[in-house]
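Visitor: What follows is a single structure, and I will ask about it in a moment.
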């Protein structure tokens, strides 16, 4: 039952497409209901407005080379700084393994801008005073006459004479428990004391001037503490290794701190003005290889050792390009982009009608299906992968209208070719599809290849464009296979298309078809008007004959019983 | 004038045929001349009109202003940075673009404020962009990388799919022509080369090869059983394939160009210079050049590359012999 078999296969395929749509829509709806996603795709900065900075990291003394690890650290540093500056919804990503892209809503102030560009600043300072993180209430703060009053110039970095009245007031007023205030990052003067928070423990400190700069760290690692016999003590530790200058400086620091008590026994590791750890000094470290132990988990030990590595890598950033786009201009560009899309679609539809008459409805239907599929994909990717549609992306979508429509053109032209060969529409659709399928797959592979290559090597806007091109190529394939072809199979069975109505775009008379079978049981000889010698003719004719009605076939059987080979299913109709 | 469907029928049967393959000498000569011009023009003119992304500098766009006097913008820039050279252009209705040398952060903000004042717009209608001089070079380097990787992979893909490297080679020669001619047109017309134009340029390559693959697929089909028949020579079969897909080629390029033209129109007349215009302009040129290159360069080149294969020479001889016989049908084409 060849005929009904392909019809039901077509119906099944359409049902699968429906299932695909239902699943995607349900997934998106789920995201919207749980308010993690929105119905509208997320927009990139050029459509939404905001500032985009492309930064090139510069590592001191490393030339232009920057490793992937260093780049990831750079991103981490910038993220901490931007978050610290209180800018919400900032997005930081890397680009082509070299640049860091920072997207911020609105226009960043000079302070934020400088902060982003500055190099990571790690330093070791001795602790002078420590206290719980909350600000001392105004009424219970130390009265003016009891504030510390330095009597002499400080002798060393741990000297309490560093603590002036103003510094102490700042310290008392400091609030370290509020996450926003606690994570505030700033640049500081290494020669002066500093009031700083340790966000992890919620402790605040007055710190002496810098004694060892972070650049003196040559490496940092973490691991389990080993006992005397080398057995694991099941305790995590962070190991630092200083260079020769750091070793000497750290030796003198520990010599002094080891003899002190209370908070002054501690030294603080400060990154961008925040204390990331303030260990006590348990020994003099003469070899420049201190080990920090304490209540580390594997994770916290790794985090600290990575932060210490930042100190060894003072990365600064150079602004490569900066773009500020107002929200109104963004909205305007989006509007224009969509307008261009609508105009493009209308033009394509009009041309299709001109060329393919009502068959153009299949083109338009397929484009709509491809469009909805692409929309669902973009909205879902916006939710799960934070994909944002840029103006270049919108342009990619519009350009894709033409390329998607081409798959249908290739298919329709193949069907027409088959009709010209004299086939009935049903077999023309089947045969045309077999050939068009290969062409569509091969040519879309080229498109997809271009999109993938562009996506992986490109920077900036090119990426968004490449992504939509690739996405639409995939959507196109899905639509051709799961929508256009099954619909054609079903339409070929309708009276309007099957009998080649004048407006069907598949009128055999208009296409100059010479039927293989011409009434009165006469079969045209292959050479008679067959324009083209093809070895497939015998097979094709056989195929055409198989598609004839029973009456036609019987009539023909009488005359040319042995003329053509028949399939095993000849009587199964 | 026959309808396009009749036109298609005649092309399909071979009743009407355009000699794309046979006149290859003419096409190659024309192409060579155009390519030569495309190479000489940028050399003589000293390159391309590079966008600010390649020169480095600051750019401001004032949108929705009713005042489009160029001198106002120049004065505004001069009032802040007297030494800076300002290029002020009215790029679209109610939109002004001001390009200057690289300004510092403070200067940028000051110029912005000055522009807000002179053109009487709100602060959020002025957009500012700052581009370091290396940014454009970065984009270009990546684009060239993309180009090389894509061309290599596409060459392998086509060689595997068509099972002959000659199709790959012919398609790539067509591609090179498209690239050079598009670049030449850019130089000749002084269109601005921006990263968006480069994106468009890369897309053309994809489109151009895509178009060639569709035509070559038909060529492959027509020449599959070349040895089992004596109706047509190899070159004639290739030409028939090109003619048979001609309606497709026309329809495809029209359908591809229409949306691009829509973007180009919107981009040029309503938005002014920017992503949309630059992208669509290079696509617009490239799609037309790409379609032509498939018909006039890639397909004839393939026939030419294979014409001297011994089996095909022998087959062509057989065809000629059969045609010489009196009972032979008149040759098509």
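Visitor: Per-residue mean of other chain beta-carbon atoms within 10 angstrom of the beta-carbon, peptide B:220-229?
Guide: On the way: counts 3, 5, 2, 0, 3, 4, 1, 1, 3, 4.
For peptide B:220-229, the averaged partner shielding equals 3.
Visitor: When averaged across all projection directions, what area in nm² does the alpha-carbon convex hull of the protein assembly as shown cover?
Guide: 51.9
Visitor: Assuming a ≥ b ≥ c are the square roots of the Cα gyration tensor eigenvalues, decide whether the range B:5-75 counts as rounded (a/c under 1.5), prolate (otherwise, with a/b larger than b/c) or oblate.
Guide: Verdict is oblate for the range B:5-75.
Visitor: Using only atoms on other chains, find how many Cβ atoms lie within 10 Å of each Cβ of peptide A:337-350 and report the average.
Guide: Numbers: counts 6, 1, 6, 13, 4, 1, 7, 11, 3, 3, 7, 6, 1, 1.
Counting Cβ atoms of other protein chains within 10 Å of each residue's Cβ and averaging gives 5.
Visitor: Additional query: Give me B:138, A:145, B:106, B:124 sorted ascending by neighbouring Cβ count inside 10 Å, so fewest comes first.
Guide: Ranking B:138, A:145, B:106, B:124 by Cβ neighbours within 10 Å, fewest first, gives A:145, B:106, B:124, B:138.
Visitor: Let me have the relative contact order for chain B, percent, based on Cα pairs under 8 Å that are six or more residues apart.
Guide: Taking the mean separation of contacting Cα pairs over the length of chain B, I get 26 percent.
Visitor: Return one number: the angle in degrees, 0 to 90 and rounded to the nearest 10, between the long axis of the Cα atoms of helix B:105-119 and the longest principal axis of the Cα atoms of chain B.
Guide: 90
Visitor: Can you compute log10 of I(q)/I(0) for the range B:1-157 with the Debye formula, treating each Cα as one identical point scatterer, at q = 0.10, 0.18, 0.19 Å⁻¹?
Guide: -0.65, -1.07, -1.14
Visitor: Which whole-number percent is the relative contact order of the range A:122-312 (Cα, under 8 Å, 6+ apart)? Let's see the in-between values first.
Guide: Working: 405 pairs, mean separation 52.1, N = 191.
Relative contact order comes out at 27 percent.
Visitor: Moving on to the next point. Return the distance in nm (one decimal) between the two label points of a simple spin-label model at residue A:69 and residue B:228, each offset 7 Å from Cα along Cα→Cβ.
Guide: Placing both labels 7 Å beyond Cα along the Cβ direction yields 6.3 nm.
Visitor: Please find the FRET efficiency linking residue A:300 to residue A:32, where r is the Cβ-Cβ separation and R0 is fixed at 30 Å, and quote it to the nearest 0.05.
Guide: 0.20
Visitor: Would you mind telling me the antiparallel percentage of the DSSP bridges in the protein assembly as shown, rounded to 5? If you can, show how the numbers build up before the last one.
Guide: Working: 75 of 78 bridges.
Approximately 95 percent, going by the DSSP bridge assignments.
Visitor: Another question, if that's okay. Over the range B:57-131, what relative contact order in percent results from Cα pairs under 8 Å that are six or more residues apart?
Guide: That works out to 47 percent.
Visitor: I need the shape label for the range A:332-498. Rule: rounded when a/c is under 1.5, else prolate if a/b > b/c, else oblate, with a, b, c from the alpha carbon gyration tensor.
Guide: On the way: a/c = 2.43, a/b = 1.84, b/c = 1.32.
It comes out prolate by the Cα gyration axes.
Visitor: Could you grab the Rg to Rh ratio for the range B:57-131? Cα atoms only, Kirkwood for Rh.
Guide: Reported Rg/Rh, Kirkwood definition of Rh: 0.91.
Visitor: Over all alpha-carbon pairs of chain B, lay out the pair-distance distribution in 20 Å bins, whole %, shortest bin first.
Guide: Cα pair-distance distribution for chain B, in percent: 26, 44, 22, 8, 1.
Visitor: Just from its helices, what would the mean residue ellipticity at 222 nm be for chain B, if runs of 4 or more DSSP H residues each count -39500 (n - 2.57) and the sum is divided by every residue, rounded to the nearest 500 deg cm²/dmol?
Guide: Counting only the DSSP helices, I get -22000 deg cm²/dmol.
Visitor: Against the longest alpha carbon principal axis of chain B, how many degrees, from 0 to 90 and to the nearest 10, is the axis of helix B:310-324 turned?
Guide: Roughly 60 degrees, rounded to the nearest 10.
Visitor: Also: Nearest 10 degrees, 0 to 90: what angle lies between the long axis of helix B:165-189 and the longest principal axis of chain B (Cα atoms)?
Guide: The helix B:165-189 is inclined about 40 degrees to chain B.
Visitor: Using the per-residue mean of other Cβ atoms lying within 10 Å as a proxy for protection, in what order, highest first, do the peptides A:363-370, A:43-50, B:256-263, A:222-229 fall?
Guide: Output ranking for A:363-370, A:43-50, B:256-263, A:222-229: B:256-263, A:43-50, A:363-370, A:222-229.
Visitor: Tell me whether the range A:122-312 comes out rounded, prolate or oblate; compute the Cα gyration tensor, take square roots of the eigenvalues as a ≥ b ≥ c, and use a/c under 1.5 as the rounded threshold.
Guide: It is prolate, given that a/c is not under 1.5 and a/b is the larger ratio.
Bear in mind that the values in this text are calculations on the coordinates, not laboratory data. Small disclaimer: the values here were computed from a predicted structure and weren't measured. Here the Cβ is made from the backbone with ideal geometry for all residues, glycine too, and neighbour counts use every protein chain on show.
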